[in-house]
1. Every residue in region 145-163 that is over 30 Å from residue 473 (Cα atoms) and either buried (at least 18 other Cβ atoms within 10 Å of the Cβ) or over 31 Å from the mean Cα position of the chain (by Cα) (or both), please.
2. Quick check on region 581-595. Is at least one of its residues surrounded by 15 or more Cβ atoms within 10 Å (Cβ to Cβ), in a strand (DSSP E or B) and more than 27 Å from the chain's Cα centre (by Cα)?
3. In region 107-126, what residues are out of contact with any strand residue (DSSP E or B) (no Cβ under 9 Å at 6 or more places or on another chain) and within 25 Å of residue 153 (Cβ to Cβ)?
4. Look at region 234-267 and say how many of its residues are farther than 19 Å from residue 21 by Cα and among the small types (Gly, Ala, Ser).
5. Which of the following residues is in contact with a Phe, Trp or Tyr (Cβ under 8 Å, 6 or more places away or on another chain) and either in a helix (DSSP H, G or I) or in contact (Cβ under 8 Å) with a residue 12 or more places away in the chain (or both): 128, 104?
6. Counting just the residues of region 458-483 that are touching a helix residue (DSSP H, G or I) at 6+ places or on another chain (Cβ under 8 Å) and polar (S, T, N, Q), which one comes out modelled with the lowest pLDDT?
Amino acid sequence: MPDNQDHIITPEQAVTLHGLFVERVKRTPDAIAYRYFDTNENTWLSMTWAQARDQTARWQAALMREGLAVGDRVGIMLRNCPQWVLFDQAALSLGLVVVPLYTEDRQDSVAYIINDAGVKVLLFENAEQWQELRSVCAQLPCIQRMISLDRVAGHNEARLLCAEEWLPAHAVLVEERGRERDALATIMYTSGTTGRPKGVMLSHRNILFDAHAALQTCPVAGMDTMLSFLPLSHAFERTVGYYICVMAGVTVAYARSVQLLSEDLQIIRPTILVSVPRIFERVYGAISAKLEEASPLRRKLFALAVNVGWRCFEHEQGRAGWHPSLLLWPLLNHLVASKVMARLGGRLRLTLCGGAALQPEISRVFIALGLPILQGYGLTETSPIVCANRLNSNFPSSVGLPLPGVEVRIDEQGALLVKGQNVMLGYWNNAEATRAMIDEDGWLNSGDIASISESGHITITGRLKEIIVMSNGEKISPADMEQAILRDRLFDLVMVHGEGHPYLTALAVVNPAGWAHLAQEVGVQADMPESLHDRRIEQQVLQRIADQIKEFPGYAKVHGVLLLTEPWSVDNGLMTPTLKVKRGSVVERFAKEIEQLYQGH
């Protein structure tokens, strides 16, 4: 990997996100920009930067025919694919503001975002999505045009066209409108504390600065290939898996799905992976399951490889001296580590992990087996990266050092404050929330409790607002969900749990009268403890919870519940004197039961 970064396009050279794309095409027109799987031809195809430019021209020409003005909003609701980039670049070239939407989100949430942002053109994928959108179409008066990538048969929606009939056969890319680096580029909606998402306004400068600063900490080049599978509607993937790759000339391959990720890793053999902890949890779980069935000798060999590999890592980082056991590493690498790395394609030299904390035992195993995992931290409101570990200064228990040009400090409450050109313009149509987040001097309050070591490494130790961060990076405000669930009189107390896990669970103290009624209805004995764990009871309770949290995003679902009859109180240590649930104490008291809720998934 070259030490110089001459291949990287600077923010000054790019000016805007579309300017970045145009400059990349000029520099490496014939290099492979994107790889993707074509379901019609049942094969992987490639697209060069020059081809991407020519395709972007078609989308630009079609958008121009819609008569949109600079600053108008357009929405993308696609899975990761080249068309996501083509539409984004075409929109940005015309001074339009791009609003990404999650393909898996609830339709009421989609409708809220579209109306809040005033989206005029919406691009979605197929007939299946259309069936969902139809239910809220009447609630979307702001939309003047809807485009489906695939043809949708048998509809009578005048605003809907398929891409094939909307796009011209050929077009030439026209010069960008405006080129204002501080202009609004995108509104990215993030879960708020009220259950309704808030629109984070990011400028061209915000994202270009953050992408370039990140590249200073971890240089990549055109010889790299990145496998993209996190949704581009998420700020982490959009900056790192899209704009950074344009900036450095990296080839991006779009995974077919998370379910086929293992197969795609073997086919694409990426050198770089952008991930959330959940992916490593899955691989680690598969490894652990195989080890349980393995011979004692194989288990000991694996443990030895991890211990020696970790010692090698600490030695390379300059935190441990040389030890004779390091001589075993070439053999252990051949027998153990290389086989695990082969499952990830065999060429990975770098993995960027964010969105949530990776469990120390899992990061230790992968790092020990030779996979450099660099954890970082950020928020959609900071474009999104604030800090990240470096290859030569990697403390896996931390989220690394601040990016160049990003200032951090800890306030009197212990919260991490951030200042820099990556800090958002504000929240769309929400000046009050903006003022609560960013002070007059430009310091953004992350809401996360942190510490900063003498070396400058940041460690996140808690959350002021007790936001749950799941292992897939999604953030949930438990208090809001709990209030909603408590609308059902079956529950006297409830606590939503899911920190670092792939899905949410709930611990609930049932109301005696409500419980007696439910038990009678289902046909179990209310005074028998085992009735609380009856499968029929669990299914009914989960449905009742689901009915109360319909207004929350699609990923905010409760998949397991622990029912309790003993009240939480100040006396038993589970409530504060002001009658607030002591979350840490509840988790500690019911640790075994909580673990069982997550087993087998």
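The values are calculated or read from the model by the stated rules, or taken from the named source; none is laboratory data. What you see is a predicted model, and the numbers here were worked out from it, not measured in a lab. Reconstructed Cβ throughout: ideal geometry from the backbone, glycine too, with neighbour counts over all protein chains shown.
1. If the condition is that a residue be over 30 Å from residue 473 (Cα atoms) and either buried (at least 18 other Cβ atoms within 10 Å of the Cβ) or over 31 Å from the mean Cα position of the chain (by Cα) (or both), then 145, 152, 153, 154, 155, 156, 157, 158, 159, 160, 163 are the ones that fit.
2. Looking only at region 581-595, we keep the residues that are surrounded by 15 or more Cβ atoms within 10 Å (Cβ to Cβ), and these are 581-583, 585-586, 589-590, 594.
Checking the rest, the ones that are also in a strand (DSSP E or B) come to 581.
Restricting the remaining residues to those that are more than 27 Å from the chain's Cα centre (by Cα) gives 581.
Among the residues of region 581-595, at least one is surrounded by 15 or more Cβ atoms within 10 Å (Cβ to Cβ), in a strand (DSSP E or B) and more than 27 Å from the chain's Cα centre (by Cα), which makes the answer yes.
3. Answer for region 107-126, where residues must be out of contact with any strand residue (DSSP E or B) (no Cβ under 9 Å at 6 or more places or on another chain) and within 25 Å of residue 153 (Cβ to Cβ): 107, 111.
4. Matching residues across region 234-267 total 3.
5. On the way: 128 fails: in contact with a Phe, Trp or Tyr (Cβ under 8 Å, 6 or more places away or on another chain).
Unique residue meeting the criteria: 104.
6. 472
Conditions tested, residue by residue: (1) more than 20 Å from residue 75 (Cα to Cα); (2) in contact with a Leu (Cβ under 7 Å, 6 or more places away or on another chain); (3) of a type in the set (Val, Ile, Thr).
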site	(1), (2), (3)
127	no, no, no
143	no, yes, yes
161	no, no, no
169	yes, no, no
177	no, yes, no
208	yes, yes, no
211	yes, no, no
236	no, yes, no
239	no, no, yes
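Conditions (1) under 23 Å from residue 499 (Cα atoms); (2) not basic (Lys, Arg), marked per residue:
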position	(1), (2)
276	yes, yes
284	yes, yes
299	no, no
324	no, yes
